[in-house]
Amino acid sequence: MFEYPKVLGVHPVTQAPVSLNIGPFGWYVASEVAGEVLRASIGKTVLKRVGAVENVDIDEAVELLRKKAERPPRTRGRYASKKTKAKKEPKKAKEPKPKKEPEAKKEAKYPKAKKAPKPKVEVPGMKKPLTAFFAFSADERASVKAENPTFKVGEVAKALGERWASLDPERKAKYESDAKTAKEAYAAALAEFSASSESSREP
């Protein structure tokens, strides 16, 4: 198991670090937006799609935070903020209900066995290609650390985001073009590997 909180990268809009962490109600991603920390839960649908929480990347995290930011704030329940929580009206006195005769206890059912997540299909000997920003970060991280030896992980990520935002358009376009080419090549190799795997399983 990896250590958490884990910094996934930098938010492309706010340039604030995006981290992966676990809380009382499960895994979530978080980032600072407008001076406040925005948290978005990682639901079962996301985990089913990526296979495991370790596979949640910066693109998935940014999308979760975007959906959370667009969602109207809750006014009731344990997730409601103090600002939006509606004032509770005094409860009316309930009329006493007639007593019901005790029903026979239902037989306990066996709990359903949880399905194991499907293993993530990857091309043997071929790493998943980096996005344009992460390829740029890999090239520039050593330079940022050399210029700022006291920077922590989050500060390094923020500095990389600032460099990426002010990068020369031609150089940025080169990173984006290389990333697109690598992604298409990986997708083609993955499709070929999946097809060969399926054919080998057939009798």
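Quick notes on this structure:
- Here Gly9 fulfils each of the conditions (1) at negative phi; (2) crowded, with 16+ Cβ neighbours inside 10 Å apart from (1).
- In the set Ser31, Ser19, Ser41, only one residue is surrounded by fewer than 18 Cβ atoms within 10 Å (Cβ to Cβ) and among the hydroxyl-bearing types (Ser, Thr, Tyr); that residue is Ser41.
- Scanning segment 143-163 for residues that are among the hydrophobic types (A, V, I, L, M, F, W, C), under 26 Å from the mean Cα position of the chain (by Cα) and farther than 19 Å from Ser19 by Cα yields a single hit, Val144.
- Selected residue [at pLDDT 85 or above and touching a Phe, Trp or Tyr at 6+ places or on another chain (Cβ under 6 Å)] from Ser19, Ser41: Ser41
- Residue check for Ala157: touching a residue at least 60 places away in the same chain (Cβ under 8 Å), of a type outside the set (Phe, Trp, Tyr) and touching a Gly at 6+ places or on another chain (Cβ under 7 Å): yes
- Tally of residues being under 14 Å from Lys158 (Cα atoms), outside any loop (DSSP other than H, G, I, E, B) and among the β-branched types (Val, Ile, Thr) across segment 1-32: 3
- Scan of segment 33-67 for residues that are under 24 Å from Ser166 (Cβ atoms), of a type in the set (Val, Ile, Thr) and part of a helix (DSSP H, G or I), ordered by number: Ile58, Val62
- Verdict on Lys48 being farther than 27 Å from Ala132 by Cβ and either in contact (Cβ under 8 Å) with a residue 60 or more places away in the chain or not small (Gly, Ala, Ser) (or both): yes
The values are calculated or read from the model by the stated rules, or taken from the named source; none is laboratory data. None of these values were measured; they are calculated from a predicted model. Counting neighbours? That spans all protein chains shown, and the Cβs are built from the backbone with ideal geometry, glycine included.
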